[in-house]
Amino acid sequence: MAWSSPSTWVAGAVLTAAQLNAQVRDNLLALYSGTGWVDATYASGYQTQGTRQAKSTVKGKTVSLDGLITKTSGSFPTSAATVIATLPVGHRPPDTKRFACGQSALQLANIAVASNGEVSIITSSSAPTYVSLDGITFELD
């Protein structure tokens, strides 16, 4: 169901089942059923690790990320922020959010998600072969 702008009713108005369904039921479904998973766009030199496509979903005002990202060749750069993917419009935070995420080197990497949708990674001195976006969530406002 798609969201529809709520109506304003006046006192004494008689509402039909169709109006209530469109204004209440359908809008609640739009809020709580989410967008479904939408694939992120990889930056040049990055791709899916195995079958775990980087993706995001929105449920209500909460965005969740999932998937594994790897380099097309070699390892991630260390100690410098590098853009690895971009989230679609509507799945982006109002300001930059930072997270700790798992990586193949059994250490944590820092992930930043910017308001323009860019997902960046800052790794430690060990160069991982992939990073996980699993469990990253943030609010849209």
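The values are calculated or read from the model by the stated rules, or taken from the named source; none is laboratory data. Source: prediction; values computed, not measured. We place every Cβ from the backbone using ideal geometry, glycine too, and count neighbours over all the protein chains shown.
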Qualifying position, being farther than 16 Å from THR48 by Cα, touching a strand residue (DSSP E or B) at 6+ places or on another chain (Cβ under 6 Å), buried (at least 18 other Cβ atoms within 10 Å of the Cβ) and of a type outside the set (Ser, Thr, Tyr), among ALA109, ALA81
ALA109
Taking only segment 112-141 into account, find how many residues are among the polar types (S, T, N, Q), assigned to a strand (DSSP E or B) and over 19 Å from ALA80 (Cα atoms).
1
Tally the residues that are closer than 14 Å to SER75 by Cβ and of a type in the set (D, E, K, R), restricting the search to segment 100-134.
0
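For (1) of a type in the set (Ser, Thr, Tyr); (2) at pLDDT 85 or above; (3) loosely packed, with under 14 Cβ neighbours inside 10 Å; (4) touching a strand residue (DSSP E or B) at 6+ places or on another chain (Cβ under 7 Å), each residue gets a yes or a no:
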{"site": "GLY60", "(1), (2), (3), (4)": "no, no, yes, no"}
{"site": "ALA85", "(1), (2), (3), (4)": "no, yes, no, yes"}
{"site": "PRO93", "(1), (2), (3), (4)": "no, yes, no, yes"}
{"site": "ASN116", "(1), (2), (3), (4)": "no, yes, yes, no"}
{"site": "GLU139", "(1), (2), (3), (4)": "no, yes, yes, yes"}
Segment 79-107 residues that are in contact (Cβ under 8 Å) with a residue 12 or more places away in the chain, paired with ones that are part of a loop (DSSP other than H, G, I, E, B) and acidic (Asp, Glu) (beta carbon under 6 Å, 6 or more apart)
PRO94/ASP141
Quick check on segment 118-130: of everything there that is of a type in the set (A, V, I, L, M, F, W, C) and within 19 Å of the chain's Cα centre (by Cα), which residue is surrounded by the most Cβ atoms within 10 Å (Cβ to Cβ)?
VAL119
